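A.B. asks: Sending over a structure as structure tokens; questions will come in a sec.
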Amino acid sequence: MSCNGCSLNNIEGSTYTDSYDWLNDLPDTSDKSDFVEVKFKSTRREYYKNSDGLDIKRGDRVVVSTSPGHDIGEVTLTGYLAEKQFYRKIKNPSNYKLNNIYRKSSGNDLKLLKEAREREKPTMIRARQIVNELGLEMKIGDVEFRGDNRKAIFYYLADGRVDFRELIKVYAREFQINIEMKQIGARQEAGIVGGIGSCGRELCCSSWLTNFKTISSGVAVKQGLSPAALKMSGACGKLKCCLLYELDVYMEAQKDFPKELLNLELANGIAKPFKTDYLKKEVWYTIEGSIGTSFNLSVSKIKDIIQKNKRGIKPEINAFESKAKEENKMEVKLDERIDRFDKKKNNRNRKRRNFKSKKQTPRIAGKKN
């Protein structure tokens with residue numbers, strides 16, 4: 001149940017989140033491979049070699065070799081899984097330099113990392129001011145200092161190509177540190193900033209998602225959703241990454257549908273499709289030229305009607321129409337008195353009290369004259 005690497009943004013912060021950690025159920029494979037995946041601040045992940053055979057596991061903070069100096073990160077994958085992830089994510093493995101892991105981080109290492117984190121916010125504010133002074137069409141999204149406090153990565157966003165050679169000179173003179181410029185997209189920026197999604201949970205890009213893919217409008221269309229809907233956009237202003245989570249299920253369900261939803265020729269008129277429910281395997285139709293007449297048909301029924309249309313048969317729609325009316329019928333009748341429930345409850349309690357009082361009151365016999 002740990003959030004790998006989220007504590008690196010704040011050394012004193014908690015490392016726990018409500019995301020289920022399925023990796024805890026997998027066995028340790030460190031003896032089969034010396035590959036190690038290490039996560040740093042935000043969404044940056046690098047791969048290293050555990051050449052010295054250190055006893056490290058997921059969640060440990062380690063000191064790793066960089067060029068130049070060193071950095072401090074958190075172990076996210078080890079062994080066989082880290083090696084598989086390396087070959088899956090790195091396009092040219094032969095050109096990738098695998099540095100070594102020095103040791104587990106000590107108290108002094110974490111203290112130095114904390115000092116580096118405290119420099120990041122004022123540096124980012126000043127860096128944005130310098131960009132405005134130079135009139136560059138770019139935005140500094142975040143600044144990350146390495147664990148040795150000798151180098152800083154400036155993450156920036158830009159629509160086009162930016163000549164920041166002068167900018168690097170000004171940064172080096174202003175901050176007295178080695179500078180590295182790294183361009184990111186809107187999705188990476190959302191992962192760096194973080195936040196809460198419309199689902200009420202932490203953003204996937206800032207909690208566990210590591211692979212940011214481009215999502216086209218066709219992904220929403222294949223699921224029967226409108227890509228223009230406001231709720232389809234995430235915190236980054238682009239289509240939500242979670243649209244990919246159930247895409248395979250919808251693609252599998254679409255195999256049962258006709259390749260093209262044709263207009264149906266019915267005795268009542270031409271029926272045109274306007275809504276598709278892939279999971280229920282239903283399509284909603286409306287009669288051309290009519291108002292308020294809509295009905296749903298199963299995929300098997302649609303195929304049957306298409307075959308009948310090919311033979312020149314136009315089936316009736318009365319059975320479908322009555323079914324649609326029955327399903328869509330929803331009448332809500334409200335009493336004008338909003339305290340009607342309290343009133344009934346009070347009357348019932350009053351009757352019970354009166355009954356008890358009559359039952360417990362003794363009878364007094366009168367004297368005869």
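The values are calculated or read from the model by the stated rules, or taken from the named source; none is laboratory data. Just so we're clear, the structure is a prediction, and the values are computed from it rather than from any experiment. Cβ atoms come from the backbone with ideal geometry, glycine included; neighbour counts cover every protein chain shown.
A.B. asks: Can you pull out the residues in the stretch 69-99 that are surrounded by 14 or more Cβ atoms within 10 Å (Cβ to Cβ), more than 30 Å from the chain's Cα centre (by Cα) and outside any loop (DSSP other than H, G, I, E, B)?
C.D. replies: Scanning the stretch 69-99 gives HIS70, ASN99.
A.B. asks: Which of the residues spanning the stretch 150-185 are in contact with a Leu (Cβ under 7 Å, 6 or more places away or on another chain), surrounded by fewer than 18 Cβ atoms within 10 Å (Cβ to Cβ) and aliphatic (A, V, I, L, M)?
C.D. replies: VAL162
A.B. asks: Considering only residues of the stretch 212-250 that are part of a helix (DSSP H, G or I) and within 17 Å of VAL283 (Cβ to Cβ), which is modelled with the highest pLDDT?
C.D. replies: Once the filter is applied, the top-ranked residue is TYR250.
A.B. asks: Pairs only if they're at least six apart or on different chains, beta carbon under 7 angstrom, first in the stretch 152-168 and free of Cβ contacts under 8 Å to residues at least 24 places away in the same chain and not assigned by TED's automatic domain parsing to the domain that holds HIS70, second part of a strand (DSSP E or B) and surrounded by 14 or more Cβ atoms within 10 Å (Cβ to Cβ); list them, first residue then second.
C.D. replies: Final answer for the pair search is ILE168/ILE179; ILE168/MET181.
A.B. asks: Here's something else I'd like to know. So in the stretch 258-272, with the set limited to residues that are surrounded by 16 or more Cβ atoms within 10 Å (Cβ to Cβ) and touching a residue at least 40 places away in the same chain (Cβ under 8 Å), which one is nearest to SER226 (Cα to Cα)?
C.D. replies: Among those residues, the one meeting the criterion is ALA271.
A.B. asks: Which one is modelled with the lowest pLDDT, of the residues in the stretch 11-64 that are closer than 24 Å to GLN188 by Cβ, among the charged types (D, E, K, R) and in contact with a helix residue (DSSP H, G or I) (Cβ under 6 Å, 6 or more places away or on another chain)?
C.D. replies: Out of the qualifying residues, it is LYS41.
A.B. asks: Then there is this: Among the residues of the stretch 273-298 satisfying the criterion of being closer than 22 Å to SER226 by Cβ and among the aliphatic types (A, V, I, L, M), which is farthest from the chain's Cα centre (by Cα)?
C.D. replies: Top of the filtered list is LEU297.
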